[in-house]
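Scroll down for the structure; my scribbles are underneath it.
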Amino acid sequence: MRIAVYCSSSLAIDPKYIDLAHSLGAGIAARSWELVSGGGHISAMGAVSRGAREAGGKTIGVIPQRLVDIEFADKECDELHIVDSMRNRKAMIEDLSDAFIALPGGIGTLEELFEIWVGRFLKFHNKPVIILDPYDLYAPLATLIDHLEEHGFVKPGQRELLHWAKSVDQALDIANINSSSK
């Protein structure tokens, strides 16, 4: 099984988020699964890959040439796919992956999360979408989703396609159970 992880590449985040990413990578490898990531080597994105590799796991990165050009690429990936755009990056990550886990992150992480969640609802894929948030960074997002649902902007059935987890094991268990029932 291949797990895509959406996460931060910011150098300004609390180290606990780097540690969480590292633990998720190690957890993916411990289950003999493969990691699919955005192919960067810094911040949480680099930590998730290092965690997977240090635990003996395989890492697959997908990165646009523009980011390679600014020396952002994780050259230690077992496979590093270089694409020409962010759109192609997201499409390849979707194609390569069996489940998607979003860690705490910024606008890029949110954009990836929302796109893959919408794709799930519209049946472009039938893969689990999970938010791993042990520190409640996304608590306001959960409240916003409730609010949007109350006002009819989140349609019936959409909310149920987004799974929330508080621990690495819980997120990976959700990925496993929901991938098996595809």
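The values are calculated or read from the model by the stated rules, or taken from the named source; none is laboratory data. Values in this document were obtained by computation on a predicted structure and should not be read as measured data. Please note: Cβ atoms are built from the backbone with ideal geometry, for glycine as well, and neighbour counts cover all protein chains shown. Quick note on the areas: whole protein, heavy atoms, side chains included, nothing else; ligands and nucleic acids left out. Shrake-Rupley method; radii C 1.70, N 1.55, O 1.52, S 1.80 Å.
Here are some notes:
- Along the chain, the exposed loop sites are chymotrypsin sites (Phe, Trp or Tyr not before Pro) outside DSSP states H, G, I, E and B with at most 14 other Cβ atoms within 10 Å, and the longest stretch free of them is 1-123.
- Furthest towards positive pole of dipole, V83, G38, P64, structure part the range 1-85, Cβ charges: G38
- Under 13 Å, Cβ to Cβ, from R66 - net charge with Lys/Arg +1 and Asp/Glu -1: -1
- Between the helical axis of 107-121 and the longest alpha-carbon principal axis of the chain there is an angle of about 60 degrees.
- In this simple spin-label approximation, V118 and D69 carry label points 7 Å from Cα along the Cα→Cβ vector, and these lie 2.7 nm apart.
- Seen from H22, the other residues with C-beta closer than 13 Å to its C-beta sum to a net charge of +1, counting Lys and Arg as +1 and Asp and Glu as -1.
- Stretching the chain fully between K16 and N88 yields a gain of 22.9 nm (0.36 nm per residue, less the alpha carbon separation).
- Taking every DSSP bridge with both residues inside the chain, close to 5 percent are antiparallel.
- Charge sum, other residues only, whose C-beta stays under 13 Å from E111's C-beta, Lys/Arg counted +1 and Asp/Glu -1: +1
- Solvent-accessible area assigned to carbon and sulfur over the chain amounts to 54 percent, based on a 1.4 Å probe.
- At an R0 of 25 angstrom, the distance between the Cβ atoms of L144 and I42 translates into a FRET efficiency of 0.30.
- The phi torsions of the range 25-38, fed into the Karplus equation with coefficients 6.51, -1.76 and 1.60 and a -60° offset, translate into couplings of x, 5, x, 4, 5, 4, 8, 6, 9, 10, 9, 10, 9, x Hz, rounded to whole numbers, with Gly and Pro shown as x.
- The range 1-44 and the range 101-169 have Cα centres lying 18 Å from one another.
- Degrees separating the helix 168-180 axis from the principal Cα axis of the chain, which is the longest one: 70
- Overall form of the range 56-182 per C-alpha gyration tensor (a/c, 1.5; a/b vs b/c): prolate
- Per residue, the chain exposes 49 Å² of solvent-accessible protein surface, assessed with a 1.4 angstrom probe and all protein chains in place.
- Rounded to 5, the percent of DSSP beta bridges in the range 24-129 classed as antiparallel: 10
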